[in-house]
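Have a look at the structure below before the remarks.
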Amino acid sequence: MSTSTTPVKARKTRELPPLMTLTDAAAERLLRLYEKGEQGKLLRIGVKAKGCSGMSYDMSWADEPAPTDEVVTDRGLTILIDRKASLFLIGTVMDYETKSLASGFTFINPNEKGRCGCGESFHV
């Protein structure tokens, strides 16, 4: 019995989108937070089960990266992404908006399939 092998062509791999990027407004606001009250800390972003649509963004401060964090550097700033949230956040753009009654970080997430009416939660 003879066996032969056929060479396998290497597949072209496509570049994955960045895990998360920052807009200029988000970078400026985060830089001010890092310089002032949260100096020496890093922003950690994750998702948790919450709200009427199923998931919400969760932001907290960390003294240093945890073993379960993905470290993202954009526009010279470092943010941490909870590894459990990384699949939900691939390609997300973090922005900072100032409106007449509120201001805060917002997320433009290409993985979202919908949001609740109040905008506090999303589903993928």
So in the range 21-45, with the set limited to residues that are small (Gly, Ala, Ser) and modelled with pLDDT of 90 or more, which one is surrounded by the fewest Cβ atoms within 10 Å (Cβ to Cβ)? 25
From the residues in the range 94-109 that are in contact (Cβ under 8 Å) with a residue 60 or more places away in the chain and not hydroxyl-bearing (Ser, Thr, Tyr), which one is surrounded by the most Cβ atoms within 10 Å (Cβ to Cβ)? 94
Do any residues in the range 76-93 that are at positive phi and outside any helix (DSSP H, G or I) have Cβ atoms under 6 Å from those of residues that are at pLDDT below 90 and surrounded by fewer than 16 Cβ atoms within 10 Å (Cβ to Cβ), where the two are at least six apart or on different chains, and which pairs are they? 91/17; 91/110
Identity of the residue in the range 46-75, outside any strand (DSSP E or B), closer than 22 Å to residue 111 by Cα and in contact with a strand residue (DSSP E or B) (Cβ under 7 Å, 6 or more places away or on another chain), that ends up modelled with the lowest pLDDT: 53
Look through the range 75-88, keep the residues that are more than 9 Å from residue 47 (Cα to Cα) and of a type in the set (A, V, I, L, M), and return whichever of them is surrounded by the fewest Cβ atoms within 10 Å (Cβ to Cβ). 87
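The values are calculated or read from the model by the stated rules, or taken from the named source; none is laboratory data. All of these numbers come straight from a predicted model, not from anything done at the bench. Cβ: placed from backbone, ideal geometry, glycine included. Neighbour counts: every protein chain shown.
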